[in-house]
Amino acid sequence: MRASSGPGVLVQRDAERQILVIRGDSVGRAALAEQLLAMATAEDGGHLHIDYFPGHAYLAEGSLSLVVNSPHGGMPLERGRRVAS
């Protein structure tokens, strides 16, 4: 992640280095980090779609779409039992 004046967060791919580059203002970076942390610590699995749309709370226009998988895999638990996929 790199700081910039914003507004918002821009997620791009550096093709040469094969990495994601995330730039943005501190408020936007904190919002993205909070969502990533929530998915990483969600014990019931699942995934998170992060997609830009006009008026998005923190993503800037031109950001790549991301799908973030839980490290616990699978779909979330429903009422204490695993949902068949």
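Just so it is clear, none of the values below were taken in a lab; they were calculated from the coordinates. Since we're looking at a predicted model, the values are computed, not measured. So basically every Cβ, Gly included, is an ideal-geometry build from the backbone, and we count neighbours across all protein chains shown.
Shown in residue order for the range 44-60 are the 3J(HN,Hα) couplings computed by the Karplus curve 6.51 cos²θ - 1.76 cosθ + 1.60 at θ = phi - 60°: 9, x, x, 8, 10, 9, 10, 10, 6, 8, x, x, 3, 4, 9, 7, 8 Hz (x for Gly and Pro). Distance between the modelled labels on residue 30 and residue 53, one decimal in nanometres: 2.5 nm (7 Å Cα→Cβ projection).
Using the average count of surrounding beta-carbon atoms within 10 Å as a protection proxy, the listed peptides 15-22, 38-45 rank, highest first, as 38-45, 15-22.
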